[in-house]
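Working notes, beginning with the structure itself.
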Amino acid sequence: MKKVDWYQDFVDFAYRPKEDDVVCLFRFEPSQGVSNLEAVGRIASESSAGTWTTLSNLPRNIERVKARSFEIKGRFVRVAYPIDLWEPGNMPQLLSGVAGNIFGMRALKNLRLVDISLPVAYTKNFLGPQFGIDGIRRMLKVKRRPVTGAVAKPKVGWDAEEHAKIAYETWSGGFDLVKDDENLTSLKFNKFEQRVKLCYRMRERAERESGNRKSALFNITGETNQMIKRAKLLHDYGFEYVMIDVVVTGFSSLQTMRNVCQDLGLAIHAHRAMHAAFDRNPLHGITMLFLAKMCRLVGVDQLHVGAVVGKLAGTPKQVLEIKNQMVLKTIKNLSPVHLQQQWNSIKPVFPVSSGGIHPGIIPEVLRIMGNEIVMLVSGGIHGHPDGTRSGALAAMQSIMASMDGIPLREYAMTHAELRAALEKWGRIRPE
Ligand code: CAP
Ligand code: MG
């Protein structure tokens with residue numbers, strides 16, 4: 001039969017990636033009857049310059065824009081993409097290629113985008129985080145311990161006044177941050193502007209009474225122009241952050257908001273609702289690691305990475321990999337399932353652990369994650385038998401005990417709030 005496709009022209013095992021190539025690591029499973037070679041040829045072709053059939057004419061540039069699958073190890077393939085394939089500073093365009101059509105190809109039973117290695121020639125066109133870990137710590141005046149925050153629970157239902165009272169109780173119990181939940185934006189019974197105004201007053205009070213810095217992560221998520229308006233409002237009230245649910249908004253508006261936040265001097269707290277729709281199946285989709293790297297590049301200051309022992313999926317290995325990728329300057333090419341990364345001047349992102357954390361498991365979260373995290377404890381403070389403020393105190397006590405290496409039971413003997421929390425929850429791992 002006459003050859004109709006040129007997929008295998010996109011496989012070259014002799015190829016060595018150039019310093020400014022973008023390299024992707026995929027896990028692939030060919031469909032029945034498809035060879036490895038045919039499968040990896042399609043991955044490189046469809047994500048760069050190829051199509052299903054040979055063509056009668058090709059551009060002069062074809063060799064300069066062709067991706068090449070250059071190494072197969074077991075189910076993993078590495079693909080090198082010439083830098084000229086990518087528009088500088090255009091994150092959606094990168095995704096349309098490396099995370100685009102290839103996921104739907106019939107010839108592939110499963111395909112997972114595991115990791116990406118971005119050359120400095122590519123990263124230099126993105127801002128990265130404005131504040132990073134050091135900047136956030138300076139802003140909040142929190143030196144060594146984890147930064148603490150809580151979401152008002154239930155997720156939605158409180159009116160703005162009730163919400164502000166919960167914020168006040170949270171801050172008064174010693175927490176640094178209060179956070180809106182992912183599905184709380186501006187609702188009929190709790191309008192954004194009203195919530196910000198009332199929390200502003202409560203924050204003044206909590207700061208005056210405690211002598212400590214207090215801040216808030218208001219969820220500005222929505223249509224981009226609406227987000228800009230909300231960010232300006234937060235700036236006018238003297239708040240330090242915006243919270244954006246970055247998967248649902250998409251990278252285009254995140255990039256816009258990163259620019260807006262530069263002008264307003266606001267930090268970005270990135271929530272990641274919906275990520276599990278494409279990162280949970282280990283055989284198909286996109287890893288959270290990949291998504292997290294894109295977030296660091298665009299420039300969020302804080303990103304949810306998982307809590308390991310909390311209610312949401314994620315193994316310690318996966319979560320620590322993401323955490324390292326957020327905080328380190330250089331990631332070495334250590335294993336067959338990792339790519340190297342040089343972040344250069346792109347600042348670190350503060351990793352956020354959240355989801356089902358309570359005082360009884362805080363020591364374990366800190367043992368695994370370390371102190372360089374933002375820890376959100378929500379149900380785990382508002383469910384305290386004596387209320388939110390006691391819950392926040394209990395969580396802070398648990399952090400102090402962990403940092404001083406004192407067993408919780410012992411610390412609880414002299415700390416009533418922690419004692420009550422342990423009586424209710426013990427060490428349960430929520431599911
Ligand atoms: C946690 C949470 C957060 C998730 C986000 C929730 O509440 O507010 O949205 O933790 O997940 O709605 O479940 P609790 P992740 O503290 O009461 O569990 O950090 O994994 O993105
Ligand atoms: Mg939530």
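The values are calculated or read from the model by the stated rules, or taken from the named source; none is laboratory data. Fair warning: this is a prediction, and the values are worked out from it, not measured in the lab. Glycine gets a Cβ as well: all are built from the backbone with ideal geometry, and neighbour counts include every protein chain shown. Ligands, DNA and RNA are excluded from the accessible area calculation, which covers all protein heavy atoms including side chains. Shrake-Rupley method; radii C 1.70, N 1.55, O 1.52, S 1.80 Å.
Listed here are the residues, each with its yes/no results for (1) touching a residue at least 40 places away in the same chain (Cβ under 8 Å); (2) within 15 Å of ligand 1 (Cβ to nearest atom); (3) open to solvent by less than 20 Å² (accessible area, probe 1.4 Å).
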residue: 138; (1), (2), (3): no, no, no
residue: 141; (1), (2), (3): yes, no, no
residue: 144; (1), (2), (3): yes, no, no
residue: 153; (1), (2), (3): yes, yes, no
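Do we find that residue 396 is within 16 Å of ligand 1 (Cβ to nearest atom), assigned by TED's automatic domain parsing to the domain that holds residue 138, open to solvent by 20 Å² or more (accessible area, probe 1.4 Å) and closer than 19 Å to residue 307 by Cα in this structure?
Working: within 16 Å of ligand 1 (Cβ to nearest atom): yes; assigned by TED's automatic domain parsing to the domain that holds residue 138: yes; open to solvent by 20 Å² or more (accessible area, probe 1.4 Å): yes; closer than 19 Å to residue 307 by Cα: yes.
Considered against the rule, which asks whether it is within 16 Å of ligand 1 (Cβ to nearest atom), assigned by TED's automatic domain parsing to the domain that holds residue 138, open to solvent by 20 Å² or more (accessible area, probe 1.4 Å) and closer than 19 Å to residue 307 by Cα, residue 396 comes out as yes.
Is it the case that some residue within the stretch 102-123 is touching a residue at least 24 places away in the same chain (Cβ under 8 Å), part of a loop (DSSP other than H, G, I, E, B), surrounded by fewer than 15 Cβ atoms within 10 Å (Cβ to Cβ) and not assigned by TED's automatic domain parsing to the domain that holds residue 41? Before the answer, list the steps.
Our first condition is that a residue be touching a residue at least 24 places away in the same chain (Cβ under 8 Å); within the stretch 102-123, this holds for 102-103, 105-123.
Within this subset, residues satisfying the condition of being part of a loop (DSSP other than H, G, I, E, B) are 105-107, 118-119.
Restricting the remaining residues to those that are surrounded by fewer than 15 Cβ atoms within 10 Å (Cβ to Cβ) gives 106.
Checking the rest, the ones that are also not assigned by TED's automatic domain parsing to the domain that holds residue 41 come to none.
Taking every residue of the stretch 102-123 in turn, none turns out to be touching a residue at least 24 places away in the same chain (Cβ under 8 Å), part of a loop (DSSP other than H, G, I, E, B), surrounded by fewer than 15 Cβ atoms within 10 Å (Cβ to Cβ) and not assigned by TED's automatic domain parsing to the domain that holds residue 41.
So which residues in the stretch 370-391 are of a type outside the set (Val, Ile, Thr), over 24 Å from residue 134 (Cα atoms) and buried (at least 19 other Cβ atoms within 10 Å of the Cβ)? I'd like the intermediate steps shown before the answer.
Of the residues in the stretch 370-391, the ones of a type outside the set (Val, Ile, Thr) are 370-372, 375-376, 378-380, 382-387, 389-391.
This time we only want the ones that are over 24 Å from residue 134 (Cα atoms), so: 378-380, 382-387, 389-391.
Selection gives 378, 379, 380, 382, 384, 389, 390, 391.
Return the pair list, or none, for Cβ contacts closer than 7 Å from residues in the stretch 207-231 that are more than 23 Å from residue 147 (Cβ to Cβ) to residues that are of a type in the set (A, V, I, L, M, F, W, C) and in a helix (DSSP H, G or I), at least 6 apart or on different chains.
227/257; 228/260
Pairs please, first residue from the stretch 308-336 and within 17 Å of residue 363 (Cα to Cα) and within 16 Å of ligand 2 (Cβ to nearest atom), second anywhere and part of a loop (DSSP other than H, G, I, E, B) and among the aliphatic types (A, V, I, L, M), Cβ atoms under 9 Å, 6+ apart in sequence or on different chains.
310/357; 311/357
With the requirement that a residue be over 18 Å from residue 372 (Cβ atoms) and among the polar types (S, T, N, Q), what does the stretch 139-176 give you?
Scanning the stretch 139-176 gives 170, 172.
Identify, please: which residue in the stretch 399-416 is in contact (Cβ under 8 Å) with a residue 40 or more places away in the chain and surrounded by 19 or more Cβ atoms within 10 Å (Cβ to Cβ) and is, among those, farthest from ligand 2 (Cβ to nearest atom)?
Applying the filter and picking the extreme gives 408.
So residue 249 ticks every box in (1) modelled with pLDDT of 95 or more; (2) under 11 Å from the mean Cα position of the chain (by Cα); (3) within 16 Å of ligand 2 (Cβ to nearest atom) but one. Which box is left unticked?
All conditions pass for residue 249, except number (2).
Can you find, within the stretch 348-369, the residue that is nearest to ligand 1 (Cβ to nearest atom) among those that are open to solvent by 10 Å² or more (accessible area, probe 1.4 Å) and in contact with a helix residue (DSSP H, G or I) (Cβ under 8 Å, 6 or more places away or on another chain)?
My answer is 356.
Looking at 288, 243, 326 in this structure, which one is of a type outside the set (S, T, N, Q), assigned by TED's automatic domain parsing to the domain that holds residue 197, in contact with a helix residue (DSSP H, G or I) (Cβ under 7 Å, 6 or more places away or on another chain) and within 11 Å of ligand 1 (Cβ to nearest atom)?
On the way: 243 fails: in contact with a helix residue (DSSP H, G or I) (Cβ under 7 Å, 6 or more places away or on another chain); 326 fails: within 11 Å of ligand 1 (Cβ to nearest atom).
288 is the lone residue from the list that is of a type outside the set (S, T, N, Q), assigned by TED's automatic domain parsing to the domain that holds residue 197, in contact with a helix residue (DSSP H, G or I) (Cβ under 7 Å, 6 or more places away or on another chain) and within 11 Å of ligand 1 (Cβ to nearest atom).
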